[in-house]
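Here is the structure we will look at, set down as structure tokens.
Computed from the coordinates by the stated procedures, all read-outs in this text should not be read as laboratory data. These figures come from a predicted structure and were not determined experimentally. We place every Cβ from the backbone using ideal geometry, glycine too, and count neighbours over all the protein chains shown.
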Amino acid sequence: MKTKVLLASLLILSGLSVSAQWQFGFGGMGLGPVDRFDSSVYKPGAGFFMNITSQSVLPKASPYEIRFGIYLDHMWSGSKNFDVDLADPITEQGQTTFQNSSVGNHFITRFGYKASPKITLFTDGIIGHRKFYSQTTTGVKGGSEEYEDDINRVFTSRTFRYGIGVGTRFNLGKSFGIELRADYTRGNEASYFDLDEIKETTTSFEYADETWAHSDLFVYGIALNWKLFRIQSSGSYNGSNDAPNNYTPSPTYRRTYPRRRTTTRTTKPKKKVTPKKDIKKKEKEVPITW
């Protein structure tokens, strides 16, 4: 699904202009739950993002810009770690991590204003989706070459998003700049770990979940920004290729060498760790009725 979204996005962008200088940005970002989502137990987080935008569809001399592009991010929103005893390997100390994360894929329409040759102010219209997911990871503490981590995806929520973003691009040269941005998006229902309610008992680790009808987020970030390249149409080039080519290549001689015998190496598959305690959902307390 993610591959199809990226492919469709690139096809749309490539058809916007036959002579386009795209902009690419990559940087870090922070996250904060908003509205009723902020009242839940979903933690603030951090991550990284990238965006690609086309050249403005308005004339180059205009102080205003209208660009189209894609905006992708990956963020981590809180975790809780426990040291665990392992049944296999019994000689190593293990660790179990409960982690909330999300991945966003968005289309953007950017409206910009060139306040000066060095500063461009912009507003983004955003539409897309975000996948919230919560997973447990159990492995040898510090890592192991013989044992791989046991990863279990517990919750997955796909949310439709729409919102608005604002920002400023500072041009530091002909093709390089710094982008500061912030955006607010609204989303539908999401489920995730309640990290405050995860408890360790004598026989297990018990996790609790939360589900909220809205998953509104405020996101802010800073990125390095580059103007990438120009796509030239084939009919606009008038170089020396119009002259007849009288070059005759000289014959080439191929030398043959004996084939080398290739050897295949088989790598031993890693084992999964086995914790002594179970990881299970916390049972909800049923009120006693008289």
Fill in the blank from the handout: Rg from C-alpha atoms of the range 94-151, normalised by the globular rule of thumb 2.2 N^0.38 Å, equals 2.04
Handout entry: Note, ³J(HN,Hα) from phi for the range 179-184, Karplus 6.51, -1.76, 1.60, rounded to Hz, x at Gly and Pro
Key = 10, 10, 8, 8, 8, 10
Fill in the blank from the handout: On each of the three principal axes the extent of the alpha-carbon atoms of the range 45-99, given in whole Å and largest first, is 70, 18, 11
Practice task
Report the residues of the range 83-124 in range of a label on residue 64: point 7 Å along Cα→C-beta, backbone N strictly under 18 Å from it.
Solution key: 109-116, 120-124
Problem - Residues of type lysines that residue 281 reaches as a straight line, Cα spacing below 27 Å, ignoring anything fewer than 8 places off in the same chain - result: 43, 80, 131, 141, 199, 271, 272
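Tell me the Kirkwood radius of the range 17-157: reciprocal of the mean inverse pair distance over distinct alpha-carbon atoms, in Å.
On the way: mean 1/r = 0.0541 Å⁻¹.
Result for the range 17-157, one decimal place: 18.5 Å.
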Exercise for the section: Work out the length of the dipole vector of the range 85-170 about its Cα centre, built from +1 on the beta-carbon of each Lys and Arg and -1 on the beta-carbon of each Asp and Glu, and round it to the nearest 20 debye. Expected result: 1280 debye
Problem - the range 121-228: Rg to Rh, with Rh as the Kirkwood radius over Cα pairs - result: 1.14
Practice task
Report the relative contact order of the range 86-154, percent, no decimals, based on alpha-carbon pairs under 8 angstrom and at least 6 residues apart.
Solution key: 34 percent
Exercise for the section: Excluding residues fewer than 8 places away in the same chain, name every one of the lysines whose C-alpha is closer than 23 Å to that of residue 174. Expected result: 60, 114, 118, 227
